[in-house]
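**Student:** The structure's right below; bear with me while I get my questions together.
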Amino acid sequence: MASLAGCFTKHAAAWTTTSRTTTRAAAAVIRQQSGQSMLFSSTTTDEETTQPTVKNNNNNNNNRISRQDFSMDVKTIVGQTDMVLSHLKSRRASDETIEAANTIASLQSKRVALIQERDDFLNQRKEASAKVGMLMRNKDEADPKQVEEQKEISAKAAEGAEKAETALEEIQSTMDTMLAGIPNLLDDNVPDGKDENENEEVSKWGDIQALPTKLGWDSDFEPKWHDDVASGLGSYQAEAAVQMSGARFVALSGQIARLERAIAMFFLDLHTTEHGYTEVNVPFIVGSSALEGTSQLPKFQEDLFAITPESHTCNGENAFLIPTAEVPLTNMHANSILEESQLPISYVAWTPCFRAEAGSYGRDTKGLIRTHQFQKVELVKITSAANSDQEHETLTSHAEACLKALELPYRKVRLCSGDIGFAARQCYDLEVWLPGAQEYREISSCSNTGDFQARRMALRYRPEAPPEDPNNNDAAAAAKGGKKKKQKKPKPELCHTINGSGLAVGRTLVAVLENYQRPDGSVLIPEVLRPYMGGKEVIEVPSK
């Protein structure tokens, strides 16, 4: 696990306030593109240019049993053990994880027996104490031997209850630890597969030849990687960053740094003005309980940057740099009961993200694809179970809108059981086309976690009470002047949480540099970003 020796100096993002003129100008371009994209003819709409991929209807999910409406908790593990194990096997979970599920199922019966044993001892102590009290009220007639016998029974019962409670706490701790390492159940439409190579392509958008044609790429032109493009513009300072911070850190300067900021500001304005999100400025340091709530801890501690306790703790807890704004955004309502009328809650935040990338040694060492520090605009929705799937689709469409506005070709894939994230029950990845690498790469991952995170952070909502039936007895009695019973409030239910990048800013910069590069080394600025670049249309190669 990576560690920072000193206090964390808050990343100061170069944030300039967007004028209303700038926002209106960018929004006007978006509206114009929604009717007529620069990449496609005036008779072609976004829906028509999104090319649906034929879905595999084999429904072979490796004998995975339908999750139905069950959630991943102890009750489900005990009562639906075969179903849970089928999901873990579909996820290609480790033997240790599968054994943990079996252990939880077996320990539950011991837990129930210990609860009964403790309660029996407590009842014995209560009865014996009551008899002692009754005997002591008649001191003159009380038999000292009987008093001592009842006291001894009470003491032994108390000792037995304490031992049962201790054993119960040990079992509960073991079960809680094991449960924290068991991933979410999968939706029925998650395809079975071992890894990313077996993800299911849902659709494609855009023509990967449209921008090359527009930018004058001839058959001899070989598109450069993004870092080479940025270096040619004098704005890629990798060596300086590595010298001060180590591997997987990059510094950008000049117009490329401004372009990255422009991307983030455009995303924020798009989501807040067009998509209805509330912008939140969140802490970049959180305690361990927040990370447990969103399930980064304890499973993925090695991927986090920890802050030494001598430097800072969060309310007495170990402190970490955020791996994504999903953590503070989702935890905004931890340990809360919301009203159904407040849902859905839609939050957006632009933050730096810090990841140790412990398991990625040797992967993507070139450029901005995989760095320890990167910027991201994160989308989070908190909703009810009834609206969960629709809100997931909506959030995903908002991430797609960013790519469409930038006219970047991409594809949408549904992650298979062996590639999907720990907390997700269903996940779409958006993969943008990178001509330098000649491949699609992930730029957004949009996950529906169901109630998996909400259960961990005690995030609930109270459903609205159903309208009263005028024909029921209480209403009839009230109409006749009788006393009416007060209607009970519905019990709180767990919320559902949804999150996704809207988008990863660094990877969007990568896509813009590679897709909008021109043969002379300059970069055409996407139209929607020009209001944030002072009206500039092209980033020119600096004169020598």
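The values are calculated or read from the model by the stated rules, or taken from the named source; none is laboratory data. Since the model is a prediction, treat every value here as computed from it, not as a measurement. Ideal geometry is used to build each Cβ from the backbone, glycine not excepted, and the neighbour counts take in all protein chains shown. The protein model used for the area step is the full one, side chains on, heavy atoms only, and it has no ligands, DNA or RNA in it. Shrake-Rupley method; radii C 1.70, N 1.55, O 1.52, S 1.80 Å.
**Student:** Using unit Cβ charges (K, R positive; D, E negative) and no other charged atoms, how large, in debye to the nearest 20, is the dipole of region 186-315 about its Cα centre?
**Tutor:** In total the dipole reaches around 680 debye.
**Student:** Amide H to amide H under 5 Å from residue 319: which residues, 5+ apart in sequence or cross-chain, H placed 1.01 Å off N in plane?
**Tutor:** 307, 314
**Student:** Mind scanning 75/376; 194/299; 163/491; 214/404; 163/489 and naming the pairs with a C-alpha gap bigger than 28 Å?
**Tutor:** Where the Cα-Cα span goes over 28 Å, the pairs concerned are 75/376; 163/491; 163/489.
**Student:** Still on this model: Please report the carbon-and-sulfur percent of the accessible area for region 328-436; probe 1.4 Å, protein heavy atoms only, DNA, RNA and ligands left out.
**Tutor:** Carbon and sulfur: 41 percent of the exposed surface of region 328-436.
**Student:** Using a 1.4 Å probe over the heavy atoms of the protein chains, calculate the carbon and sulfur portion of the accessible area of region 117-202 as a whole percent.
**Tutor:** 47 percent
**Student:** To continue, here is another question. Calculate, for region 358-465, the solvent-accessible area per residue in square angstrom, rolling a 1.4 angstrom probe over the heavy atoms of the protein chains.
**Tutor:** That works out to 30 Å² for each residue.
**Student:** Any chance you could run the full-extension gain for residue 81 through residue 317? It's 0.36 nm times the residue separation minus the Cα-Cα distance, nm to one decimal.
**Tutor:** 81.6 nm
**Student:** While we're here: With unit charges on the beta carbon (Lys/Arg positive, Asp/Glu negative), name the residue among 277, 408, 348 whose Cα is farthest towards the positive pole of the charge dipole of region 267-416.
**Tutor:** Selected residue: 408.
**Student:** Provide the FRET efficiency to the nearest 0.05 for the residue 158-residue 92 pair, computing r from the beta carbons and using R0 = 45 Å.
**Tutor:** 0.35
**Student:** Taking a probe of 1.4 angstrom, what is the accessible area of residue 343 in Å², to the nearest 10?
**Tutor:** Surface open to solvent at residue 343 totals about 30 Å².
**Student:** A further question on this structure: Take the Cβ-Cβ distance between residue 278 and residue 136 as r, set R0 to 41 Å, and report the resulting FRET efficiency rounded to the nearest 0.05.
**Tutor:** It comes out at approximately 0.05.
**Student:** OK, next. If you keep only loop residues by DSSP, which GluC sites (Glu not before Pro) in region 285-350 have at most 10 other Cβ atoms within 10 Å of their Cβ?
**Tutor:** Sites meeting the loop and neighbour criteria: 310.
**Student:** For region 124-202, which trypsin sites (Lys or Arg not before Pro) are in a loop by DSSP, counting at most 11 other Cβ atoms within 10 Å?
**Tutor:** 139
**Student:** Check the straight Cα-Cα distances from residue 145 and name the lysines below 20 Å, setting aside those fewer than 8 residues away within the same chain.
**Tutor:** Within the straight-line limit of under 20 Å, residue 145 reaches these lysines: 126, 131, 156.
**Student:** Using the heavy atoms of the protein chains and a 1.4 angstrom probe, tell me the accessible area per residue for region 97-246 in square angstrom.
**Tutor:** Averaged over the residues of region 97-246, the accessible area is 60 Å².
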